[in-house]
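See below for the structure under consideration.
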Amino acid sequence: MTYDQNNIFSRILRDEIPCNKVYENEYALAFHDIAPHAPVHILVIPKGAYESIIDFSAHASSDEVSGFWKAVSHVADQQGITKDGCRILSNVGANGGQEVPHFHVHLLGGVFLGPILFKKL
Ligand code: 5GP
């Protein structure tokens, strides 16, 4: 699949659409999810054009990978969700329910989230 330059997160990176930014470094941008599922619901995205965590892991440089995951840790600490725990997840593709085809991780916390969500077979 070819990366879609017009996806919403790509447009946020180009400043065409605003976001509620909480952190940025050379390789990543973090902002509040527009439709939060928990008291803390932040999205962290790489600045490079990668459509999923699979694409990112396979093709990003070591500096990009390091810079991205350092940002995830920084934001978790910044948001105060490290001590009590949180959920960090990334949806991939159609079966994973990925709506926006630019790699992102969801940081969810601030409340007990219960068991990981599985669709019942
Ligand atoms: P996915 O389903 O792809 O894993 O998650 C996409 C997430 O992006 C959803 O939680 C959705 O609420 C969020 N989202 C979609 N459009 C926007 C937007 O324009 N701004 C922000 N901040 N979040 C968005």
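In the range 1-28, what residues are outside any loop (DSSP other than H, G, I, E, B) and of a type in the set (D, E, K, R)?
Arg11, Lys21, Glu24
Looking for something loosely packed, with under 13 Cβ neighbours inside 10 Å, closer than 17 Å to Gly48 by Cβ and of a type in the set (Asp, Glu) - is there at least one such residue anywhere in the range 68-91?
No.
Pull up the range 1-53, narrow it to residues that are loosely packed, with under 13 Cβ neighbours inside 10 Å and of a type in the set (Lys, Arg), then point me to the one that is farthest from the ligand (Cβ to nearest atom).
So the residue we want is Arg14.
Six or more apart or on different chains, Cβ atoms under 7 Å: show the pairs whose first residue is in the range 79-103 and within 20 Å of Phe68 (Cα to Cα) and whose second is away from the ligand (no atom under 15 Å from the Cβ) and assigned to a loop (DSSP other than H, G, I, E, B).
Listed pairs, sorted by first residue: Ile81/Gly110.
Out of the range 79-110, which residues are within 11 Å of the ligand (Cβ to nearest atom) and part of a loop (DSSP other than H, G, I, E, B)?
Ser90, Asn91, Val92, Gly97, Gln98, Glu99, Val100, Pro101, His102, Phe103, His104
Can you tell me which residue within the range 54-64, out of those that are without any contact (Cβ under 8 Å) to a residue 40 or more places away in the chain and surrounded by 16 or more Cβ atoms within 10 Å (Cβ to Cβ), is nearest to Glu24 (Cα to Cα)?
Glu64
Does His32 satisfy being touching a Lys or Arg at 6+ places or on another chain (Cβ under 9 Å) and more than 16 Å from Tyr3 (Cβ to Cβ)?
So His32 passes the test.
All of the numbers you see were taken from the coordinates with simple rules; none came from a lab. Since the structure is predicted, the reported quantities are computational estimates derived from the model, not experimental observations. Note: ideal-geometry Cβ built from the backbone for every residue, glycine included; neighbour counts use all protein chains shown.
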